Amino acid sequence: MSEPADIAAMTFEQALAELEQIVARLESGQAPLEDSIRMYERGAALKAHCETRLEAARLRVEKIVMGAGGAAGVEPAEFS
């Protein structure tokens, strides 16, 4: 991995790509223990950032589906 980027400034896609790289490195079992711990900590922060971004997107879509006045008969979008 190159220089750590500021997670808060990352897009969802950037954070997810880095998280996938971290998972691959951890799964390989080739990193020393201290590096593995550092990567795990960063991975946890990236995961939280991705979850926050996804929740914000879900709320935006729900707001669009519901409309400004909460139109009758319209149900919130479901993501599963």
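Solvent-accessible surface of segment 1-66, averaged per residue with a 1.4 angstrom probe and all protein chains in place: 74 square angstrom. For residue 28, the solvent-accessible surface computed with a 1.4 Å probe is close to 60 Å², ligands and nucleic acids excluded.
Quick one: order 11, 52 from most to least accessible surface, probe 1.4 Å.
Working: 11 60, 52 95 Å².
Reading off the accessible areas and sorting them downward yields 52, 11.
Largest first, what is the accessible-area ranking of 7, 64, 22, 37 with a 1.4 Å probe?
On the way: 7 30, 64 135, 22 0, 37 75 Å².
Largest accessible area first, the residues go 64, 37, 7, 22.
Legend: residues 55, 13, 62, sorted from most to least accessible area (1.4 Å probe; ligands, DNA and RNA excluded), read 13, 55, 62.
Given a 1.4 angstrom probe, I'd like the percentage of the accessible area of segment 1-61 that is carbon and sulfur, rounded to a whole number. Of the solvent-accessible surface of segment 1-61, carbon and sulfur hold 57 percent.
The values are calculated or read from the model by the stated rules, or taken from the named source; none is laboratory data. Because the structure is predicted, anything quoted here is derived from the model rather than measured. Side chains included, ligands, DNA and RNA excluded: accessible areas come from the protein's heavy atoms. Shrake-Rupley method; radii C 1.70, N 1.55, O 1.52, S 1.80 Å.
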